[in-house]
Structure formats: structure tokens, C-alpha cells
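One structure is given here, and the rest of the page talks about it.
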Amino acid sequence: MRTLPFLWRYGRRYTGWILLALVSVATYALATGGVVALVEPLFGEVLMTDERPGAAALVDVEPPPPAAPASAARQPATWLDELKEKLNLRAALQGGYASLKRRLGINADNVVYLVPLLMVVVLLVRSLASFLSGYSFQHIGLGMTTDMRNDLFRRIVDQSSHFHEAHTSGELVSRVVTDVTVMQNASTSRLLDLFQQTPTLLVLLVVLLNINFELALVCLVVAPVFVYPIARFGKGMWRTSHRSQERMADLTQLLSEATRGHRVVKAFGMEDFEHTRFAAATGRHLRVKLRAQILTHVSGPVVEALAAIGAAVFLVYAGKAVRSGQLTASVLVQFMTALMMLYEPVRKLNKVNLILQEARAAAQRVAGILAVPNRVRDRAGATEAGGFRESIRFEGVTFGYGAEAVLREVELEIRRGEVVAVVGPSGAGKSTLINLLPRFYDPDAGRITIDGVDIRDLTLESLRGLIGIVTQETVLFDETVRNNIAYGRSDLPLAAVREAAAAAYADEFILDLPAGYDTRIGESGMRLSGGQRQRLAIARALLKNAPILILDEATSHLDSESEALVQKALYNLMRARTSLVIAHRLSTVKSADRIIVMEAGRITQIGTHAELLAEGGTYKRLHDLQFRA
């Protein structure tokens with residue numbers, strides 16, 4: 001995937017800050033060049049007044065060159081001469097410096113004060129530009145990654161059940177937390193270096209070429225020796241970072257499973273097994289991270305060693321030039337100052353390359369999640385549901401999780417106000433059937449209608465607003481009791497929350513909690529019993545007051561006393577609602593208006609409890625198995 005277009009989707013929201021950052025880094029680069037340009041006047045006119053006035057310098061005024069011999073004038077210009085002429089800014093800089101001297105009144109008497117003062121002004125401008133560019137890139141980077149993290153969370157939450165079956169929770173947490181953090185670190189610091197040091201590097205190269213063209217060419221000839229290892233290290237870092245982030249996703253998944261399933265771990269005495277699994281995963285992650293550290297820490301010394309070799313070549317050439325009189329001491333100091341200032345951009349850009357390769361791998365992983373299409377979404381032109389008045393119909397519904405169908409041509413009508421129970425052996429398709437109604441999945445064939453309207457022609461928000469759900473696995477949040485019942489509706493008065501809790505037979509035990517309705521119940525409500533958690537879920541459904549109710553094994557795994565209270569709460573919940581109930585225990589569905597029996601994805605029997613017993617078949621067989629036991 002293309003990383004830069006993906007990042008620009010977020011960067012364009014900060015166009016103003018980007019413009020400020022670009023102006024700042026350009027100012028920083030030019031000010032850096034200005035510092036180097038002032039080195040020669042500082043030495044030549046202030047500190048070393050005995051130097052020859054005609055010495056070659058970046059901003060010095062040269063004497064007229066001697067007339068060239070006639071034979072030389074006839075010689076054609078070489079490509080090197082043409083390149084030198086194109087890159088030569090000396091005349092402009094000489095004129096600019098001379099004009100500046102006239103405007104500021106710099107002469108032999110005050111040059112010792114004004115040139116250092118000019119150097120201070122340029123350094124202050126450089127510092128201000130550094131601050132503005134640094135803050136701008138921090139603002140851009142933090143803003144982009146915050147927006148990206150929010151979009152990533154929104155996409156994950158909005159995705160269909162297909163998506164969540166294909167990705168582990170550890171993988172998704174790693175994307176939102178680890179990968180975005182890697183990108184944040186890169187965008188707030190290394191992106192600054194990339195945009196600040198690149199123009200600085202170019203400005204310093206131009207300055208070097210104009211101080212002494214031949215000497216600068218010597219430096220440029222050895223430059224590819226630096227570039228090749230930097231590129232190689234960057235490629236290795238990209239591969240290593242990709243593996244490192246995958247190993248971190250594995251760690252997150254193992255940690256999530258061990259903490260959520262801690263009771264099972266203890267019940268089976270598998271603490272040592274889990275320790276071993278986690279240690280093996282951390283070992284794999286460690287090996288990948290150490291490889292990344294090798295690449296990081298080897299790259300610096302390699303670049304420094306190459307810099308030492310380049311410096312040696314430069315000193316040999318420069319020494320000969322000084323001894324032959326081609327360079328003055330002040331010009332050599334100026335050139336070496338520019339060369340030393342050039343090292344900082346090269347060093348930082350080397351680190352930028354490594355970190356940005358790591359961020360590139362993270363960006364590709366994040367973009368991969370954001371690019372996954374949502375298989376269940378609003379159709380174009382979807383309308384709001386206008387309530388529920390008549391019936392729900394399943395018309396020839398077929399559905400499968402893969403190649404094999406789980407539901408096969410299901411035909412079913414549920415009339416308003418009915419309580420319809422769905423029973424059958426495990427794997428018959430009961431849960432799949434009810435998961436299609438709120439569009440957790442869409443059928444592969446056929447359709448589901450509410451009052452004659454295909455539910456795919458309704459907006460998801462309005463469709464799901466018609467449906468309340470209480471499941472076997474009660475989902476509660478590490479929040480207060482009140483916020484769990486109200487769930488996202490903080491404007492509801494406590495009286496309404498208490499009314500729903502009372503109807504769910506939960507008000508009494510809630511008031512016995514340390515802080516009553518303001519008591520935090522822990523992750524997944526672990527500080528409450530199973531029956532208490534289920535009653536809170538029922539209270540939440542009561543408060544939603546949806547006309548259609550789905551109960552999926554809502555009384556399973558409860559003791560007799562808790563089940564009795566939950567059944568009373570469910571009776572209040574189901575009153576005046578259209579209810580679709582799944583239950584394995586047939587004792588809980590005897591009073592249903594109709595019972596649907598499913599086998600192998602098909603409806604094989606429909607009737608009341610008495611009718612199905614009289615008919616025989618699968619229902620009677622299940623009934624006899626349970627009640628004989």
C-alpha cells in the first residue's frame with residue numbers, strides 16, 4: 001500500500017501548521033547557511049586582520065582576476081566549468097554583503113563590533129525558527145496520530161461480526177496502542193528532523209560549493225559511501241519493525257486471554273503453562289527487538305567511521321591547497337565550519353531513516369485495518385425505521401460463515417406481541433438466526449423484513465434502536481452501576497434508572513453496595529454475582545424500552561435462586577414486547593406462544609409446547625432427554 005497518500009489524509013487537516021512548519025524549516029536552513037557565511041568575515045575582518053585582502057571567500061570582495069592568456073580564452077568550457085558557473089552564488093553574496101555593510105555603516109573602525117552582532121542576530125533567528133518548526137511538527141504529529149487513533153477505534157467498533165471473527169482482540173489493541181504510538185514518536189520528532197535537516201543539508205552543500213568548488217566536489221565524491229549503508233540499514237529496520245509489531249500483537253493477545261480467563265487458568269492449575277507460553281512469546285519479541293537495536297546502534301558507528309575516512313581525504317586535499325596558497329586560513333575555517341555543521345544533518349537523517357522505516361511498517365498495519373471494508377453498513381438511500389407495528393418475516397433466508405451453509409431457506413413470521421422460542425441441538429443455527437435480525441451479519445440469500453420493509457433498507461441505528469438484547473455472556477463495563485444501566489445516556493435522571501432496576505429485581509442489592517448506584521463494578525462486572533450481572537443487563541434492556549426483544553440463553557449458568565429472580569425480571573421485560581427467545585432448557589420456554597425447532601439450519605417443527613409434545617419428533621426427544629435426566 002502507498003504510505004504517503006494514507007498519511008496525507010490526516011496531514012491535510014493541519015495545512016496551516018504545515019505552512020508554518022515549512023517556512024520555519026526554510027528559515028532555519030537559510031540561517032544556518034548565514035552562520036557559515038559570516039564565519040569568514042568574522043575571521044578575515046575581525047580576528048585575522050593580517051590576512052591578504054584578496055583571499056577567496058564566500059562573501060569577500062575579490063580583486064579583479066588577472067587577464068587570461070589568449071590561448072586560454074579560446075579553450076572551450078568544460079562541463080565542470082559550466083556546473084561551477086550555474087552553482088556559483090558568490091557574486092550575489094558579495095554584492096549582498098557589500099550592500100549590508102553600507103546600510104549598517106560597517107567600516108574598519110566598527111567591524112569588530114557589528115559583525116559579531118550580526119552573527120548573534122542570525123543565531124537568534126535560527127533559534128526562533130528551530131522553536132517554531134519544532135512546536136509545529138509536534139502539533140501536526142500529535143494531532144494526526146490522535147485523529148488516526150480515533151478513526152481506528154471508530155472503524156473497529158463499527159465493523160461487522162465478520163471482522164471481529166477474523167482479528168484477535170490482541171491484534172486490534174496492538175494496532176490502536178502500539179502501532180499508533182510508533183507513528184506518533186516518528187511524526188513528532190523524526191519528521192521534524194527530516195524536514196528541518198534536509199533543506200539545511202542542501203543549503204550547506206550549496207555554501208560548500210561556493211566556498212571552494214573543487215574541495216566541495218572531493219566531499220561529494222565520497223558521499224555515496226555514506227548513502228549506501230544508510231539505505232541498507234533502513235531496509236533491514238523496516239523488515240525487523242514489521243516482525244516486532246507482530247510479536248507485540250501476540251503478547252497482547254496472550255495477556256488478554258490470561259487475564260480474562262484467569263479463573264479457568266487457576267481451576268486447571270495452568271499458571272506455569274501460561275507463564276511458559278508468555279515467556280516464549282516475550283523471548284520471540286526480545287530477539288526481534290535486539291535485532292532492531294543492533295541495526296540502530298551499528299548504523300551510527302558505521303557512519304562515523306566513514307566520516308573519519310572522508311575527513312582524512314579532505315584534510316589531505318585541504319592541506320595541499322593551503323600550502324600552495326590556493327586557500328587562506330579564514331576560508332579554510334569557513335569551509336571546515338560548514339563541513340562540521342553538515343555532519344549534524346547527516347547524523348540525524350540516518351536516524352530518521354531507521355525510525356521512519358519502523359513507522360512505515362506501523363502505518364501499513366494501521367492502514368490495513370482502516371482499509372477493511374465493512375460488510376454490514378447502511379445502503380445508499382436507507383431510511384429511518386418508523387417503529388414496529390405488524391410483524392417480522394424471514395423470507396428464504398440462507399447464510400453461511402464459509403462455504404458451508406448454517407441456515408438454509410428459513411421461512412418464519414413473528415407477529416407483534418408474540419413470544420417465540422427457538423430450540424434445537426447445538427449447531428442447529430439458533431444463535432445465527434437471531435444474529436441476523438439486528439444485522440450483525442447479512443444473509444447470503446433471502447431477506448428479513450420488519451412491517452414489510454427489508455431491514456437492509458433501514459439505517460442500522462434506527463433498526464437496532466428497535467431491538468433490545470440480553471445474552472448469555474453478560475457484557476458490563478468497569479463503570480458505576482448507574483452508568484451501566486443507562487449506558488451512554490448520562491442525561492437520564494436517577495429515578496428512571498432506579499425504576500428500571502426495580503423492575504429487574506436489582507434495586508435491592510444495588511442499594512446494599514458500598515456506594516449504591518455510584519459503585520464501580522469492575523471489569524465485566526466481576527465484583528457482582530452472575531445473577532446480579534444478568535439483572536443489570538435486564539435493567540439496561542428495560543430502560544432502552546425497545547419493542548423487539550432478543551433473549552439468548554439469558555438464564556443459563558445460574559443457580560436456582562438467581563434463576564428465579566432473573567425469570568421474574570424477564571417476565572417484566574417481555575411484557576408488551578415481541579420476544580425472540582433462545583434456550584436449551586425447555587422448562588424456560590413452555591409458556592411461549594410458539595416454539596420453533598431447528599435442525600441443521602432448517603426449521604423442522606413449529607407449535608406450542610403441548611402441540612410439539614403431541615406431535616413427537618425432535619422437540620419431544622429433547623424434552624424427554626432433559627426431564628428424564
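Computed from the coordinates by the stated procedures, all read-outs in this text should not be read as laboratory data. This is a predicted model, so every value here is computed, not measured. Note that each Cβ is placed from the backbone with ideal geometry, even for glycine, and that neighbours are counted across all protein chains shown.
Could you sort 329-339, 127-137, 313-323 so that the peptide with the highest average Cβ count within 10 Å comes first and the rest follow in order? Present the calculation step by step, with values, prior to reporting the outcome.
On the way: 329-339: 21.5, 127-137: 18.0, 313-323: 13.5.
Those peptides, ordered most packed to least, come out 329-339, 127-137, 313-323.
Would you mind calculating the gained length between Ala305 and Leu492 on full extension (0.36 nm times residue separation, minus the Cα-Cα distance), in nm to one decimal?
Details: separation 187, 0.36 × 187 = 67.32 nm, distance 6.88 nm.
Between Ala305 and Leu492, full extension yields an extra 60.4 nm.
Equivalent ellipsoid semi-axes for the stretch 500-629, as square roots of 5 times the alpha carbon gyration tensor eigenvalues: give them largest first, rounded to whole Å.
Numbers: eigenvalues 211, 50, 29 Å².
Ellipsoid semi-axes (Å, largest first): 32, 16, 12.
So between Asp272 and Leu128, what do we pick up on full extension, going 0.36 nm a residue minus the alpha carbon distance?
Working: separation 144, 0.36 × 144 = 51.84 nm, distance 5.75 nm.
My answer for the length gained is 46.1 nm.
Where does the stretch 391-628 land on Rg(C-alpha)/(2.2 N^0.38 Å)? Could you put the intermediate results ahead of the total?
Working: Rg = 18.4 Å, N = 238, 2.2 N^0.38 = 17.6 Å.
The reported ratio for this selection is 1.05.
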Once the piece of chain linking Thr181 and Glu409 is laid out straight, how much longer is it, given 0.36 nm per residue of separation minus the C-alpha distance between them?
77.3 nm
Please arrange Ile596, Ile550 by counting, for each residue, the other beta carbons lying within 10 Å of its beta carbon, fewest first.
Ile550, Ile596
For the stretch 487-524, run through the trypsin sites (Lys or Arg not before Pro) and keep only the ones in DSSP coil with at most 15 other Cβ atoms within 10 Å of their Cβ.
Arg489
In nanometres, what is the gap between the two model label sites at Lys620 and Asn572, each 7 Å from Cα along Cα-to-Cβ?
4.0 nm
Sticking to Cα atoms, compute the Rg of the stretch 441-552 to one decimal and its Dmax as the biggest Cα-Cα distance, whole number, in Å.
16.0, 52
Over all directions, the average projected area of the alpha-carbon convex hull for the stretch 390-470 comes to how many nm²?
5.6 nm²
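Once the Cβ-Cβ distance between Glu611 and His164 is put in as r, and R0 is 30 Å, what FRET efficiency do you end up with, to the nearest 0.05?
Details: r = 39 Å, r/R0 = 1.30.
Working from the Cβ atoms, E equals 0.15.
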Sort 379-389, 458-468 by the packing proxy (mean of other Cβ within 10 Å over each peptide's residues), most packed first.
458-468, 379-389
Label-point separation (nm) for Leu19 and Gln293, each offset 7 Å from Cα along Cα-to-Cβ?
4.6 nm
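FRET efficiency for Ala515 and Val475, Cβ-Cβ distance as r, R0 = 35 Å, nearest 0.05?
Numbers: r = 22 Å, r/R0 = 0.63.
Efficiency computed from Cβ-Cβ geometry: 0.95.
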Quick calc, Val206 & Thr383: beta-carbon distance into FRET formula, R0 60 Å, rounding 0.05, result 0.40
